[in-house]
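**Student:** Below is a structure I'd like to ask you about.
Readers should treat all values here as calculations from the given coordinates under stated rules, not as data from a laboratory. These numbers were taken from a predicted model, which means no experiment stands behind them. Cβ: placed from backbone, ideal geometry, glycine included. Neighbour counts: every protein chain shown.
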């Protein structure tokens, strides 16, 4: 019983001591211990942990070394804009009787800031004249206000820009930025609306013209096919008549033979030309039909062509409805 009681007391004391040294000990770590732990995490590539420890160390006791590693951690995480601000803060920091260590840190901060600046993407938002006259216009990129017409630095990656004025949100779009890129993005929601209206009107007129050309092409194609068919039948008739004078491959003399032969060759040429013209006309009609923009479903007055093609055996034409 005495041994069991003693063992229980020892385990309880060990548990209480371990519990007291857990979060409490971590919370009371010295700035040097936090900085050393952050540097170890940074060297192992654990940048989020290093940044968290460095921020805690900067709250307890800020130093140029901590600021330098905060900037390095932000840069490693792709947060280049914040990294540049951290580097500038280190460069602008001063101490009475600067130590060699401090001067060494400042030199590293200047060099790394110079290397970082060309990597930071910049984007400029260009607005149309009508958009610039919007009341209380605001451009917000990832929750931060930016000025139109002025290049703004952003981190590499995916971003969203929202344009708002006194009447509310006007437009919203996303864009990608890569390291070292400088781009201009146009925001013209009013001009775009007018442009779309003009394009719709132009497309409607163009559709009517293409429809007329399609009817003409179909008429020509049908006529060519009709001529080709009729002359082809006539050519076959003359060919059969000419063959009747050549039993067993021996042709007899007589007036019909040269007449039928020459008529066959002439009709054959006309028939081939008719089929070529007909095929070209029908192909053109199909091309115009497939590439003509369709009328919107909500159009109030759809345009209907008064021309209707009429195709028959050996004949073709068009009918116009007044």
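**Student:** Using a Förster radius of 41 Å, what is the FRET efficiency between residue 213 and residue 119 based on their Cβ-Cβ separation? Nearest 0.05, please. Kindly include the intermediate steps, with their values, before the conclusion.
**Tutor:** On the way: r = 55 Å, r/R0 = 1.34.
Efficiency for this residue pair is about 0.15.
**Student:** Between residue 129 and residue 55, what is the label-point separation in nm under the 7 Å Cα-to-beta-carbon projection?
**Tutor:** In this crude spin-label approximation the distance works out to 4.8 nm.
**Student:** Quick one: compute the contact order of segment 122-187, relative version, from alpha carbon pairs under 8 angstrom and 6+ residues apart, as a percent.
**Tutor:** Answer for segment 122-187 is 41 percent.
**Student:** Okay, next question. Got the relative contact order for segment 65-151 handy, in percent, Cα pairs under 8 Å and 6 or more residues apart? All intermediate terms of the calculation are to be shown ahead of the outcome.
**Tutor:** On the way: 68 pairs, mean separation 20.5, N = 87.
Once divided by the residue count of segment 65-151, the mean separation gives 24 percent.
**Student:** Turning to a different aspect of this structure: Restricting to Cα pairs below 8 Å that are 6+ residues apart, what does the relative contact order work out to for segment 28-118? Please round to a whole percent. Don't jump to the answer; show the numbers that get you there.
**Tutor:** On the way: 92 pairs, mean separation 20.2, N = 91.
Reported relative contact order: 22 percent.
**Student:** Residues of segment 58-73 with backbone nitrogen within less than 18 Å of a virtual label 7 Å along the Cα-to-Cβ line of residue 33, please, listed as ranges.
**Tutor:** Hits in segment 58-73 for residue 33 at 18 Å: 58-62.
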